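*Asks:* Handing you this structure, nothing more for now.
Nothing in this text is a laboratory measurement; each read-out follows from the coordinates by a stated rule. Computed from a predicted structure; not experimentally measured. Heads up, the Cβs are rebuilt from the backbone with ideal geometry, glycines too, and the neighbour counts pull from every protein chain shown.
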Amino acid sequence: MRSVPESTVLASEYFESYSVVGLLAVVGVLFVAVAFGAGRLLRPVVPTPEKLLTYECGVDPVGEGWAHTQVRYYVYAFLYVIFAVDSIFLFPWATVFAAPGYGATTLVEMFIFLGFLAVGLLYAWKKGVLEWA
């Protein structure tokens, strides 16, 4: 009997785990495609002049569709997302920090991470983004 080299067995196990991930991705894509296809086939298609308007509210649009929006609102939303991500990273850090042997390393990593966030907040403050007028 001929024996299979150990590297071939390890490679087989390695790619086997990726095949499960690939199969799951294909099943997910098929599920979404079937759902969208069924929705397209089963929905009623009754085009009326009101449905062909830009807005389906029944009122004809008047004037331009252009409105000025301050960029400041987007910047506030962006800052919120940054600090929400920060809080998401703080909980796992706290659990790892409590584990023996990880104290000093995780403490330094978290101070570096918080330093990057502080620099971003300082930059936003210097640019006057945080001032509400």
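*Asks:* Residue 121 to residue 19: extension gain in nm, 0.36 nm per residue of separation minus the Cα-Cα distance? Don't jump to the answer; show the numbers that get you there.
*Replies:* On the way: separation 102, 0.36 × 102 = 36.72 nm, distance 4.31 nm.
Residue separation times 0.36 nm, minus the Cα-Cα distance, leaves 32.4 nm.
*Asks:* Next question. Can you work out ³J(HN,Hα) from phi for every residue in segment 69-76, in order, using Karplus 6.51 cos²θ - 1.76 cosθ + 1.60 and θ = phi - 60°, giving whole Hz and x for Gly and Pro?
*Replies:* For segment 69-76, the Karplus-derived couplings read 10, 6, 5, 4, 5, 5, 5, 4 Hz, x marking Gly and Pro.
*Asks:* Given R₀ = 30 Å, FRET efficiency for residue 87-residue 131 by Cβ-Cβ distance, to 0.05? Before the final figure, lay out each step's value.
*Replies:* Details: r = 24 Å, r/R0 = 0.81.
With R0 = 30 Å, the Cβ-Cβ based efficiency is 0.80.
*Asks:* For residue 75 and residue 45 in one chain, what is 0.36 nm times their gap in residues minus the Cα-Cα distance, to one decimal in nm? Before the final figure, lay out the partial values.
*Replies:* On the way: separation 30, 0.36 × 30 = 10.80 nm, distance 4.04 nm.
Here the answer is 6.8 nm.
*Asks:* Using a basic spin-label model with each label point 7 Å from the Cα along Cα→Cβ, how many nm lie between residue 64 and residue 94?
*Replies:* Taking the simple label geometry, residue 64 and residue 94 are separated by 5.0 nm.
*Asks:* Normalised radius of gyration for segment 66-133, please: alpha carbon Rg relative to 2.2 N^0.38 Å, two decimal places. Can you show the working numbers first?
*Replies:* On the way: Rg = 16.3 Å, N = 68, 2.2 N^0.38 = 10.9 Å.
In units of the globular-protein estimate, segment 66-133 measures up at 1.49.
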